[in-house]
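A.B. asks: Mind having a look at this structure? Questions to follow.
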Amino acid sequence: MLVLYWKGKRIKVKNMSNASNRIFAFIFFAIVLFLLLWMPTWTKINVGDISSISYHPPWIGFLVILIGLAYEMFRPSLNLKRDMNWKWILAGASLFLVILTMIIVQEIWIPYKQGYSIFGMKSFEFPLGTGNISIWPQLLHDFLNVHYTDTTVLALLFGILFLTMSTPQISKSYKLMLIGAVIFTAFLMLGHFSFLIFSIDPTGGYYSRFTRMELLSQYWFHWDFWSELIILVGALWLLFKGKRPAAIAKTN
């Protein structure tokens, strides 16, 4: 039995499985850690050898998320019971839909050149713009370069957490994760608007390859934008409003 305080009231949390919490936190800790280690390589593939943007300020948010996941492994406090509130179901389902759309569009819908095979080999410049050619298995390239991104990791993590009864008013680890999500998504949303409105590219050249209208026509921009917006709004709502887990019983 875990006794906590919520809005000044003494409460107890029942039926909380520490094992499942630790497993959940460990899996996503590994996923987020690998993403952080992978980003310099992703930058070289997609932007070029620009070390200054491999870990630009928004990535502080992912470090905070990583700390939150580590804290959850040692002090489990998430309530992984399912939340049946339609608003959170819609938020979680929307994030899962972003991931599904990315897979369908990039692996099924977009017409590939003749002879494309997921089991073939992929040649590309590495780093971009240097003329050096690297050859990777197509499956590995698609998974790491197309699907293993901040968008998919955040959408998967918070798509799951939004569907649970977890609330930052009780879970310190969740509070850290939400703060990290706000830092990351707020920076990125600011970057989106700075380019679209003022033509200021915060990505070190990634956006500058496009005009404003060309950027708005990119599929990846929309699933980045809308997933970040959903996570930002949801995280801010939870940090300021929270939600009352059903598994909590008041005690006098």
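A.B. asks: Kindly provide the set of residues from segment 17-29 that are in a helix (DSSP H, G or I) and either over 17 Å from Ala181 (Cα atoms) or of a type in the set (S, T, N, Q) (or both), ordered by number.
C.D. replies: Asn18, Ala19, Ser20, Asn21, Arg22, Ile23, Phe24, Phe26, Ile27
A.B. asks: Out of everything in segment 98-117 that is surrounded by 12 or more Cβ atoms within 10 Å (Cβ to Cβ) and touching a helix residue (DSSP H, G or I) at 6+ places or on another chain (Cβ under 9 Å), what residue ends up being modelled with the lowest pLDDT?
C.D. replies: Glu107
A.B. asks: Another question, then. Could you please tell me which pairs satisfy a Cβ distance under 6 Å, a separation of 6+ or placement on different chains, a first residue in segment 76-90 that is under 20 Å from Lys172 (Cα atoms) and among the basic types (Lys, Arg), and a second residue that is at pLDDT 90 or above and in a strand (DSSP E or B)?
C.D. replies: Between residues of segment 76-90 that are under 20 Å from Lys172 (Cα atoms) and among the basic types (Lys, Arg) and residues that are at pLDDT 90 or above and in a strand (DSSP E or B), there is no close pair.
A.B. asks: Report whether or not Ser94 is under 29 Å from Ala25 (Cβ atoms), among the small types (Gly, Ala, Ser) and assigned to a helix (DSSP H, G or I).
C.D. replies: The answer is yes for Ser94.
A.B. asks: I've got another one for you. With respect to Phe74, is the statement that it is of a type in the set (A, V, I, L, M, F, W, C) and farther than 30 Å from Phe24 by Cβ true?
C.D. replies: no
A.B. asks: Hey, any hits in segment 170-183 for a residue that's surrounded by 13 or more Cβ atoms within 10 Å (Cβ to Cβ), assigned to a loop (DSSP other than H, G, I, E, B), in contact with a helix residue (DSSP H, G or I) (Cβ under 8 Å, 6 or more places away or on another chain) and not polar (S, T, N, Q)?
C.D. replies: no
A.B. asks: Would you point out the residue of segment 30-52, among those that are at pLDDT below 90, β-branched (Val, Ile, Thr) and in a helix (DSSP H, G or I), that is nearest to Ile133 (Cα to Cα)?
C.D. replies: So, considering only residues that are at pLDDT below 90, β-branched (Val, Ile, Thr) and in a helix (DSSP H, G or I), the one nearest to Ile133 (Cα to Cα) is Ile45.
A.B. asks: Going through Ile65, Ile170, Ile133 one at a time, which residue ends up being more than 24 Å from Phe187 (Cβ to Cβ), out of contact with any Asp or Glu (no Cβ under 8 Å at 6 or more places or on another chain) and among the β-branched types (Val, Ile, Thr)?
C.D. replies: Going through Ile65, Ile170, Ile133 in turn, the sole match is Ile170.
The values are calculated or read from the model by the stated rules, or taken from the named source; none is laboratory data. None of these values were measured; they are calculated from a predicted model. We place every Cβ from the backbone using ideal geometry, glycine too, and count neighbours over all the protein chains shown.
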